[in-house]
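The structure appears below as structure tokens.
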Amino acid sequence: MSFNVPVRDNAKLKSVLDRIQHDVELNQLWKSANINAVDRSGISDHGEVHIRIVANAALKILRLLIEGGVVPSVVANHKLTNDDAEVVVVLGACFHDVGISVHRDDHEKYSLWIAYPKLRKMLEGIYEEPALTIITQDVLHAIIAHDADQRCLTIEAGALKVADTTDMTQGRSRIPFKAGQVNIHSISALAVKDVKIEKGEQRPVRIAVTLANSAGIFQLDNLLKHKLKNSTIAQLVEVVAQMEEGTSEKRLFEIYTL
């Protein structure tokens with residue numbers, strides 16, 4: 001699989017991405033997770049496409065936070081660097097859903113025991129101790145904390161948690177619903193036309209959502225807003241929802257802030 005994120009001048013992140021590209025086991029874990037999600041459970045994609053979307057979103061959110069003066073937790077707590085924080089969020093994205101290869105229910109916990117040995121092997125030679133353990137444990141924290149109800153303790157985990165919700169366009173909802181069902185879950189999922197992550201006007205990050213109709217508000221209230229509330233970056237993100245041009249409904253412009 002072609003797994004691409006903008007590495008810029010982050011040599012450590014480039015080395016990690018090279019290993020991800022050639023990791024046959026990890027790529028199969030993504031495929032197996034997606035089979036359990038889509039083919040066996042009838043819910044939305046949780047495979048390699050989702051991973052790629054979340055990795056890019058989490059990295060963009062983190063970089064906007066840093067640009068806005070926010071200090072990542074590995075820097076504040078462990079005296080590492082912004083480059084190391086980028087490694088944490090990208091690896092968190094890569095491993096956050098691998099537990100679905102075991103079962104969709106409680107997959108965050110299954111992801112932990114799958115990720116731990118692979119993370120240490122993947123980071124070997126790129127990091128030495130104690131940084132190797134620091135990065136590994138912060139990635140594991142980001143994985144478990146992407147659960148909607150789990151409290152985040154790091155900026156990096158918050159970036160991943162919010163990024164996970166942004167993959168919700170054209171039916172790609174993170175709220176599980178059975179394919180073919182007609183209910184508020186399916187209708188609202190199809191109502192989300194576009195999600196953009198950009199620099200905010202009053203806060204470092206803005207998430208701009210375009211809706212085909214007002215049913216899409218359900219996705220924002222029950223997914224994005226809920227996860228944002230339980231993240232470390234709730235006060236650093238503004239969410240703008242507006243109606244798609246040409247719709248019959250009255251144009252909507254709302255800013256969700258917590």
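Coordinate-derived values only; no laboratory data. A quick note: this is a predicted structure, and the numbers were derived from the prediction, not measured. Note that we place each Cβ from the backbone using ideal geometry, even for glycine, and neighbour counts take in every protein chain shown.
Worth pointing out:
- Overall dimensions of segment 54-177 by Cα: Rg and Dmax, Å: 14.0, 44
- Inter-part distance where segment 219-236 and segment 120-150 are each reduced to a Cα centre, Å: 23 Å
- Each DSSP beta bridge with both residues in the chain is either parallel or antiparallel, and the antiparallel ones are about 60%.
- What the pair-distance distribution of the chain shows, using all Cα-Cα distances binned every 10 Å from zero, is 7, 32, 36, 19, 4, 0 percent.
- Report note on the peptides 120-131, 19-30, 230-241: ranked by the mean count of other C-beta atoms within 10 Å, highest first, their order is 230-241, 19-30, 120-131.
- Across all directions, the shadow cast by the convex hull of segment 93-155 built on its C-alpha atoms averages 4.4 square nanometres.
- Proximal charge balance of residue 9 [Cβ under 13 Å; K/R count +1, D/E count -1]: +2
- Three principal axis extents describe the C-alpha atoms of segment 1-110; from largest down they are 44, 27, 21 Å.
- Peptide packing for 63-69, 11-17, 142-148 was compared via the average number of neighbouring C-beta atoms within 10 Å per residue; ordered from the highest value, the list is 142-148, 11-17, 63-69.
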